[in-house]
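Below is one structure; the comments refer to it alone.
The values are calculated or read from the model by the stated rules, or taken from the named source; none is laboratory data. Note that the structure is predicted; figures quoted are calculated from it, not measured. We place every Cβ from the backbone using ideal geometry, glycine too, and count neighbours over all the protein chains shown.
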Amino acid sequence: MKWEKLKPPEPDDPMCCCECDMDQYGCCCDCEDLDEAFNRWLKDGPPKGGCQSPARGAIVGKLEISMIPVLVLLPLLLRVAALHYLLGIIILTALPGLVLWYYYATHRKKRRTLFFLTLALFSLFYMYYLFITEILPRGDVSQLQQCTVTAGVILTVVCLIHTKRGPGVVANSLHEAHGHSQEANKDSAQHNGSIQSAASSGIAAELQTTKEALTTKWSTCPVCKIMRPPRAGHCRTCGSCVRRLDHHCIWINSCVGQANHRSFLLTLSVFLLTSLYGIGVVLRSLCPRQHLMTALLYCPGVYSQSSMALCFTCAWYSSIVTAGLLFLLVVQVLNISFNVTEREAQLALRNKTGQSRLWGLVIDTGEYSRGFYQNWVEFLTMADASVSPRASLTDLV
Ligand SMILES: [Zn+2]
Ligand SMILES: [Zn+2]
């Protein structure tokens, strides 16, 4: 396309396909400009007089107009979809398309947005709300099942909060630490010091780091202009370099990197287990005579009551979300098994330096892979990014 030639993508950033501004080419309506204007009003416009607490200020500062469609439209659309099964098919087919459209609309401008995080959290809480208010009164859900679903929802949120504490941003101090470790290595060489003697002076760990650092290659980020360790990447959406960057996840509104990759995977797994279990419990309550596998496709009489129809529609909605996230989990597990990050896979795909495996589900670069078992050991034991700035409360959104 014409606009791609004007500004080619940077080879270092696989998540950036094109930074061009479509407005120059005659895009007549830009909803994001409207978003931005409203966001400015939210942040700057309101209170005159009276004191505003820092916490409230932080929350208002994070508000976005893009959260409103989620909070208003999602329950409305699901209720309309529950009116008739044909409406259900149309709306539930269109919803993923609408979300994808919004994703590409925001992705090209590389802006952080709370839309997807709001959608994810609101969907989770709305499904749980319906479970409590519509399914429990039917009286066929045991206390154990109720506790399991509740524990799953709470655990998902706890894991999500942990994931949101930060991906492990590369800071200048990390490079300084790297420099110190190199100096330590020089000193030890001059004094003919062995690792054993260094251990007594407490720099054995530094020497180990030095050994690793000398065999690996640090590079300068073209945007941040800081030195970063191997496998680190720059995220344009967050505007920072992240250690062992995997990808920027729109659903958590944060990068997934060395510090939070494990908890990201845990969040995903806990959510999927809770969701699959919850869908099973709801379907068993709505269609007790049907087999669980066929109840989602055929549940006679479910549209005779509005509350039953709404729960059935929500079971379908949850199934679509679960299927999408299950695919993401499979890709993540395969990537870890081959010791490749999503960023490296995309780069290898673009530069044609990787091998496509398992029907294209994973791109094997062969650069870091040391076998299935060792790759998982490395992933599960890799250190958190120790020199990352501590996440503040406001960063959690
Ligand atoms: Zn950078
Ligand atoms: Zn990011």
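Overview of results
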{"quantity": "Out of 340, 321, sole residue that is assigned to a helix (DSSP H, G or I) and hydrophobic (A, V, I, L, M, F, W, C)", "calculated": "321"}
{"quantity": "Complete set of residues in segment 71-101 that are buried (at least 18 other Cβ atoms within 10 Å of the Cβ) and either outside the structural domain of residue 313 (by TED's automatic domain parsing) or without any contact (Cβ under 8 Å) to a residue 24 or more places away in the chain (or both)", "calculated": "77, 91"}
{"quantity": "Failed item, numbered, when residue 373 is tested on (1) assigned to a helix (DSSP H, G or I); (2) of a type in the set (Ser, Thr, Tyr); (3) free of Cβ contacts under 8 Å to residues at least 60 places away in the same chain; (4) assigned by TED's automatic domain parsing to the domain that holds residue 145", "calculated": "(4)"}
{"quantity": "Filter result for residue 297 (of a type in the set (A, V, I, L, M, F, W, C) and without any contact (Cβ under 8 Å) to a residue 24 or more places away in the chain)", "calculated": "yes"}
{"quantity": "Unmet requirement for residue 292, which otherwise passes all of (1) in contact (Cβ under 8 Å) with a residue 40 or more places away in the chain; (2) within 24 Å of residue 128 (Cβ to Cβ); (3) more than 16 Å from ligand 1 (Cβ to nearest atom)", "calculated": "(1)"}
{"quantity": "Residue that is nearest to residue 371 (Cα to Cα) [pool: residues in segment 329-338 that are within 19 Å of the chain's Cα centre (by Cα) and buried (at least 18 other Cβ atoms within 10 Å of the Cβ)]", "calculated": "336"}
{"quantity": "Criterion violated by residue 289 - all others in (1) surrounded by 14 or more Cβ atoms within 10 Å (Cβ to Cβ); (2) at pLDDT below 90 satisfied", "calculated": "(1)"}
{"quantity": "Subset of segment 147-172 [surrounded by 14 or more Cβ atoms within 10 Å (Cβ to Cβ) and either modelled with pLDDT under 85 or under 27 Å from residue 219 (Cα atoms) (or both)]", "calculated": "163, 164, 165, 166, 167, 168, 169, 170, 171"}
{"quantity": "Qualifying positions in segment 223-250 - surrounded by fewer than 24 Cβ atoms within 10 Å (Cβ to Cβ), of a type in the set (A, V, I, L, M, F, W, C) and either closer than 28 Å to residue 377 by Cβ or away from ligand 2 (no atom under 12 Å from the Cβ) (or both)", "calculated": "223, 224, 226, 227, 249"}
{"quantity": "One residue from 270, 302, 282, 333 being at pLDDT 85 or above and outside the structural domain of residue 143 (by TED's automatic domain parsing)", "calculated": "333"}
{"quantity": "Given (1) in a helix (DSSP H, G or I); (2) within 16 Å of ligand 1 (Cβ to nearest atom), index of the condition residue 73 fails", "calculated": "(2)"}
